[in-house]
Amino acid sequence: LLSPDGGLGVTIFEEMTTLALSTGAINLGQGFPDEDGPDEIKAAAQTAIASGANQYAPGKGLPVLREAITAHQQRFYGLAPDPDTEVLVTTGATEAIAATLLAFTQPGDEVLTFEPFYDSYGAIIGMAGATHVTAPLLAPDFLPDLSALEDVFSHRTRIVLLNNPHNPTGAVFPHHVLAKIVELAARYDAIIVSDEVYEHLTFGVDHIPIASLPGAADRSITISSAGKTFSFTGWKIGWLSGPEHLVSAVRTVKQFLTYSSGTPFQGAIAVGLGLPDDFFTGIASTLQHKRDILAEGLRAAGFGVYVPSGTYFINVDTAPLGIRDSVDLARRLPGLVGVAAIPVPVFCHPQGAERTRSLLRFAFCKKTSVLEEAAERLASLK
Ligand code: PMP
Ligand code: GLN
């Protein structure tokens, strides 16, 4: 399995999806929906392709998409980045993360993430030659201990890279945690990079963009992606926003990573960002229902279940089943019962891996019939 510190092997998602395919298991590992997003977004991409939008887009993104990104932020958060200078379209959130870290770090700089952390963070911090320091998120609510967080900040902290709502734990950071992060970033003059790809996938709690807190906007890059909100993970359209002095540095790096991103998909995602409010509330309530079905099934199968406030992932503790090692279980589970999942320790450095040794992540962005079938299969573990 991949060690998330830049020992670059095959990603855990690739490994577990390959295993699911070869065993015919239900894939609750890699997070991708098994149903496509709205038809009007698909139709917009098809029309764009048919009408010749097939050559390079401008490096910073099609104006129509940058304007839609600003309008979306205005509508939901009252934020208004200038579409011309403060918004950049990227090839998925993955490129936004990579370009941002490459733009602002050099060897010796520290990048602070919470742990567990999304796998590309560790790999890109390693590629940038920066030093990765972590602050743990602790069960049951997977929020940071604020005094421990204070201890890991220092004058070497160049970037605090947060992910809210958080993959893999499903935590949604409340205002007081975000305020502490802003306070510490200001104290140590660090840049805040906030990966908010699950911004619309929260259940009964509001997502608060960190850039909306006093004192945050001028030092923050906020990242999002069409993959999660619109269920088009394969289109790889992401974006970031922030003050011009930060966004222009990231744009410089992006020129040499991909130069520009998929032209016909950009216009289609602009259509998506303009959908009425009930589309956005609808995806959250549909997912909440799926969450509850899978949570119930996992409970019935004997796992300890941590019900998430956001994302499309549920973490379970395997210890109540007498299983201590989730990495070993994840490798065996597809063959054993026909379900694939992702072990949480792979999102950690060694100490964190020890702390999360019996945690396993299941994705619930699947048809309810698939979740019910998975729950039935998992029941045979007991
Ligand atoms: N950040 C997080 C927290 C993710 O879970 C993901 C993937 N789903 C990404 C970034 C990557 O997003 P994209 O597919 O848009 O590159
Ligand atoms: N973000 C998705 C997950 O966490 C997978 C993305 C990928 O395969 N790189 O499952």
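The values are calculated or read from the model by the stated rules, or taken from the named source; none is laboratory data. If you're wondering where the values come from, they're calculated on a predicted model, not measured in any experiment. Because the Cβ atoms are built from the backbone with ideal geometry, glycine has one as well, and the counts that use them run over all protein chains shown.
Mind listing just one residue for me: the one in the range 145-161 that is part of a loop (DSSP other than H, G, I, E, B) and exposed (fewer than 15 other Cβ atoms within 10 Å of the Cβ) and, of those, farthest from the chain's Cα centre (by Cα)?
Checking each candidate, the answer is 155.
Please verify whether residue 136 is in contact with a Ser or Thr (Cβ under 6 Å, 6 or more places away or on another chain) and at pLDDT 95 or above, treating the condition exactly as stated.
No, not satisfied.
So that you can scan it fast, the table gives a plain yes or no per residue for (1) touching a Gly at 6+ places or on another chain (Cβ under 9 Å); (2) part of a loop (DSSP other than H, G, I, E, B); (3) on the phi > 0 side of the Ramachandran plot:
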| residue | (1), (2), (3) |
| --- | --- |
| 16 | yes, no, no |
| 35 | no, yes, no |
| 56 | no, yes, no |
| 67 | no, no, no |
| 76 | no, no, no |
| 93 | yes, no, no |
| 101 | no, no, no |
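Any idea how many residues of the range 127-144 are part of a loop (DSSP other than H, G, I, E, B) and under 18 Å from the mean Cα position of the chain (by Cα)?
Number of matching residues: 2.
Inside the range 354-374, can you point out the residues that are touching a strand residue (DSSP E or B) at 6+ places or on another chain (Cβ under 9 Å) and among the small types (Gly, Ala, Ser)?
The answer is 358, 363, 374.
Looking only at helices (runs of 4 or more DSSP H) that fall completely inside the range 204-313, which ones have 2 or more residues that are within 16 Å of ligand 2 (Cβ to nearest atom), outside the structural domain of residue 46 (by TED's automatic domain parsing) and of a type outside the set (Val, Ile, Thr)?
Ranges flagged: 277-300.
Does the range 185-207 hold any residues that are over 22 Å from residue 244 (Cα atoms) and either of a type in the set (Ser, Thr, Tyr) or surrounded by fewer than 24 Cβ atoms within 10 Å (Cβ to Cβ) (or both), and which are they?
198, 200, 202, 203, 204, 205, 206, 207
Quick check on this structure: which one of 270, 190, 217 is farther than 27 Å from residue 360 by Cβ, among the small types (Gly, Ala, Ser) and in contact with a strand residue (DSSP E or B) (Cβ under 6 Å, 6 or more places away or on another chain)?
190
Conditions tested, residue by residue: (1) closer than 28 Å to residue 173 by Cα; (2) modelled with pLDDT of 95 or more; (3) part of a helix (DSSP H, G or I).
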| residue | (1), (2), (3) |
| --- | --- |
| 316 | yes, yes, no |
| 323 | no, yes, no |
| 345 | yes, yes, yes |
| 371 | yes, yes, yes |
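Among the residues of the range 162-178, is there at least one that is within 16 Å of ligand 2 (Cβ to nearest atom), at positive phi and either at pLDDT below 95 or assigned to a loop (DSSP other than H, G, I, E, B) (or both)?
So far as the range 162-178 goes, yes, one or more of its residues are within 16 Å of ligand 2 (Cβ to nearest atom), at positive phi and either at pLDDT below 95 or assigned to a loop (DSSP other than H, G, I, E, B) (or both).
Could you list, in sequence order, all residues of the range 103-122 that are within 12 Å of ligand 1 (Cβ to nearest atom) and either closer than 16 Å to residue 60 by Cβ or part of a strand (DSSP E or B) (or both)?
Of everything in the range 103-122, those that are within 12 Å of ligand 1 (Cβ to nearest atom) and either closer than 16 Å to residue 60 by Cβ or part of a strand (DSSP E or B) (or both) turn out to be 113, 114.
Residues are listed down the side, and each one gets a yes or a no for (1) within 20 Å of residue 256 (Cα to Cα); (2) touching a residue at least 24 places away in the same chain (Cβ under 8 Å):
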| position | (1), (2) |
| --- | --- |
| 50 | no, no |
| 53 | no, yes |
| 72 | no, yes |
| 86 | yes, yes |
| 94 | yes, yes |
| 104 | yes, yes |
